[in-house]
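See structure below.
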Amino acid sequence: MALTAVERVRATEEAVEQLREELARAGVVLPSLRIDPLTCAGHVLFPLVDLGRCNLDMALRLVAVLSGAYGPEGARMGGGTASGLSN
């Protein structure tokens, strides 16, 4: 059974919320994270997720999370800041 357009949008919304929650647990906030509205009405199987824009600190935190530098709940592993610069 194929999903309806509404079900596909709902599934994508749930994925965006799960992504937002997991990023927040790691101390990463992407303020523009959302479903791309143009693809909701398009002919793609599932709407695209727009990760949006973020500031330098969040970009560096995301790099650190993806490289394994942050542990659970956003705790920095090994000390220091994401950019290696002191505040």
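The values are calculated or read from the model by the stated rules, or taken from the named source; none is laboratory data. The structure displayed is predicted, hence computed values, not measured ones. Cβ atoms come from the backbone with ideal geometry, glycine included; neighbour counts cover every protein chain shown. Side chains are part of the model used for accessible areas, which takes the heavy atoms of the whole protein and leaves out ligands, DNA and RNA. Shrake-Rupley method; radii C 1.70, N 1.55, O 1.52, S 1.80 Å.
Things worth noting here:
- Among residues of the range 1-44, those that are touching a Leu at 6+ places or on another chain (Cβ under 7 Å) and free of Cβ contacts under 8 Å to residues at least 12 places away in the same chain, counted: 1
- Filter pass, ALA69 being under 11 Å from the mean Cα position of the chain (by Cα) and either at pLDDT 90 or above or not basic (Lys, Arg) (or both): no
- Scanning the range 8-60 for residues that are assigned to a helix (DSSP H, G or I) and small (Gly, Ala, Ser) yields ALA11, ALA15, ALA24, ALA59.
- In the range 38-60, residue nearest to VAL9 (Cα to Cα) [restricted to those that are at pLDDT below 90 and open to solvent by 60 Å² or more (accessible area, probe 1.4 Å)]: PHE46
- Being in contact with a Cys (Cβ under 6 Å, 6 or more places away or on another chain) and either in contact (Cβ under 8 Å) with a residue 12 or more places away in the chain or not aromatic (Phe, Trp, Tyr) (or both) is true of PRO47.
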